[in-house]
Amino acid sequence: QVQLVESGGGLVQAGGSLRVSCAASGRYGMGWLRQAPGKEREFVAAISRSGGSTYYADSVKGRFTISRDRDSAKDTVYLQMNSLKPEDTAVYYCAASFRGPSTLPGEYDYWGQGTQVTVSS
């Protein structure tokens, strides 16, 4: 059973920074996706198993950075968010894919519980 545990959300002013983390019980293609109230869940960023390939939505390119760090016990994926905008406000989910990283929410097999990120103007 894959376990994904997210942390690090919160409230920040526009222009500020925040980092969210996701501890995974194995090594998979990983993604961060978000869902704002009344909107569909959307892709934000993804990273390959090795960490050598990363992918970003156009709306966050140049502002967000996805990375991963593995120790002997677990694999942690980070999303560093800089120059935050009010439109970045959403619940952020990390997700794992056996097939590798994807921009499509439907291709992820496991999901974390989500962490709220709120950007005030």
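All of the numbers you see were taken from the coordinates with simple rules; none came from a lab. Since we're looking at a predicted model, the values are computed, not measured. Because the Cβ atoms are built from the backbone with ideal geometry, glycine has one as well, and the counts that use them run over all protein chains shown.
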**Study point:** For the chain: relative contact order, % (alpha-carbon pairs under 8 angstrom, 6 or more apart)
**Key:** 36
Review point. To the nearest 0.05, how large is the calculated FRET efficiency for Q1 and E42 if R₀ is 30 Å and r is the Cβ-Cβ distance?
Key: 0.70
Check your understanding: Which of the lysines could a cross-linker bridge to K61, judged by Cα under 22 Å and excluding same-chain residues fewer than eight apart?
Key -> K39, K85
Review point. Where does each of 44-57, 89-102 land if you order them by average Cβ count within 10 Å, highest first?
Key: 89-102, 44-57
